[in-house]
1. Take the residues of region 47-60 that are within 30 Å of THR148 (Cβ to Cβ) and open to solvent by 40 Å² or more (accessible area, probe 1.4 Å): which is farthest from the chain's Cα centre (by Cα)?
2. Do we have SER78 as within 21 Å of GLU52 (Cβ to Cβ) and open to solvent by 20 Å² or more (accessible area, probe 1.4 Å) here?
3. Please indicate, with yes or no, whether at least one residue in region 10-32 is under 30 Å from HIS139 (Cα atoms), small (Gly, Ala, Ser) and either touching a Leu at 6+ places or on another chain (Cβ under 6 Å) or at pLDDT 90 or above (or both).
4. Taking the options VAL91, VAL128, VAL102, VAL72, name whichever one is open to solvent by 30 Å² or more (accessible area, probe 1.4 Å), closer than 20 Å to VAL38 by Cα and within 13 Å of the chain's Cα centre (by Cα).
5. So which residues in region 43-67 are β-branched (Val, Ile, Thr) and over 15 Å from LYS137 (Cβ atoms)?
6. Does ASP84 satisfy the criteria of being open to solvent by 30 Å² or more (accessible area, probe 1.4 Å), in a loop (DSSP other than H, G, I, E, B), out of contact with any Cys (no Cβ under 8 Å at 6 or more places or on another chain) and modelled with pLDDT of 95 or more?
7. Return a yes/no flag: does region 35-42 have any residue that is open to solvent by less than 30 Å² (accessible area, probe 1.4 Å), under 21 Å from THR124 (Cβ atoms) and assigned to a loop (DSSP other than H, G, I, E, B).
Amino acid sequence: MVLKSVEKTRRETLAMAAIAGLAAILAPRLSLADEQAVAVEIKKLYGDKKFESGKIKLDVPEIAENGLVVPVNVDIESPMTDADYVKSVHVFAEGNPLPAVVSYRFTPACGKASASTRMRLAETQNIVCIAEMSNGKLHMAKANVKVTIGGCGG
């Protein structure tokens, strides 16, 4: 008798996992973030603080022939000393299913505030990079990437 109830619970669990997996696959195709969604995510992190330009070198291709593997390189100008360093860097994509793509944390021990990754881009869109400095200042950079073949189901 006990085995039947465990078996039933296991089957129900597997069915729920299958439904959740299907939803995870289909959900990104149903909706995409936009400029406003990125603004909401940034506001959650930093409120109404002002952003300065400069200090960030955001290196992305102007045209990505395949949205599945778009290289993103970020370099932030900073001496990386105990008194002056980059605390964090956040990268957002305005047309992806989820606006927040990647976040990096740095310390003075890093020596250099630089990071590289590859991301999927669903469509032509802006990439937004925010750098938070140890003194509380925020810097922003944007770059537009034209995607010819989408990487998030498009």
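The values are calculated or read from the model by the stated rules, or taken from the named source; none is laboratory data. All values derive from a computational prediction rather than experimental measurement. Please note: Cβ atoms are built from the backbone with ideal geometry, for glycine as well, and neighbour counts cover all protein chains shown. To get the accessible areas, we keep the full protein, side chains included, count just its heavy atoms, and leave off ligands, DNA and RNA. Shrake-Rupley method; radii C 1.70, N 1.55, O 1.52, S 1.80 Å.
1. The initial filter retains those residues of region 47-60 that are within 30 Å of THR148 (Cβ to Cβ), namely 53, 56-60.
This time we only want the ones that are open to solvent by 40 Å² or more (accessible area, probe 1.4 Å), so: 53, 57, 59.
Values: SER53: 20, LYS57: 17, ASP59: 15 Å.
This residue is SER53.
2. On the way: within 21 Å of GLU52 (Cβ to Cβ): yes; open to solvent by 20 Å² or more (accessible area, probe 1.4 Å): yes.
Considered against the rule, which asks whether it is within 21 Å of GLU52 (Cβ to Cβ) and open to solvent by 20 Å² or more (accessible area, probe 1.4 Å), SER78 comes out as yes.
3. Filtering region 10-32 for residues under 30 Å from HIS139 (Cα atoms) gives 28, 31-32.
Those still in the list that are small (Gly, Ala, Ser) too: 31.
Within this subset, residues satisfying the condition of being either touching a Leu at 6+ places or on another chain (Cβ under 6 Å) or at pLDDT 90 or above (or both) are none.
Within region 10-32 (the criterion being under 30 Å from HIS139 (Cα atoms), small (Gly, Ala, Ser) and either touching a Leu at 6+ places or on another chain (Cβ under 6 Å) or at pLDDT 90 or above (or both)), the answer is no, since none of the residues qualifies.
4. On the way: VAL91 fails: open to solvent by 30 Å² or more (accessible area, probe 1.4 Å); VAL128 fails: open to solvent by 30 Å² or more (accessible area, probe 1.4 Å); VAL72 fails: open to solvent by 30 Å² or more (accessible area, probe 1.4 Å).
VAL102 is the lone residue from the list that is open to solvent by 30 Å² or more (accessible area, probe 1.4 Å), closer than 20 Å to VAL38 by Cα and within 13 Å of the chain's Cα centre (by Cα).
5. Of the residues in region 43-67, the ones β-branched (Val, Ile, Thr) are 56, 60, 63.
Once the filter is applied, which keeps residues that are β-branched (Val, Ile, Thr) and over 15 Å from LYS137 (Cβ atoms), region 43-67 yields VAL60, ILE63.
6. On the way: open to solvent by 30 Å² or more (accessible area, probe 1.4 Å): yes; in a loop (DSSP other than H, G, I, E, B): yes; out of contact with any Cys (no Cβ under 8 Å at 6 or more places or on another chain): yes; modelled with pLDDT of 95 or more: yes.
When the stated conditions are applied, ASP84 passes them.
7. no
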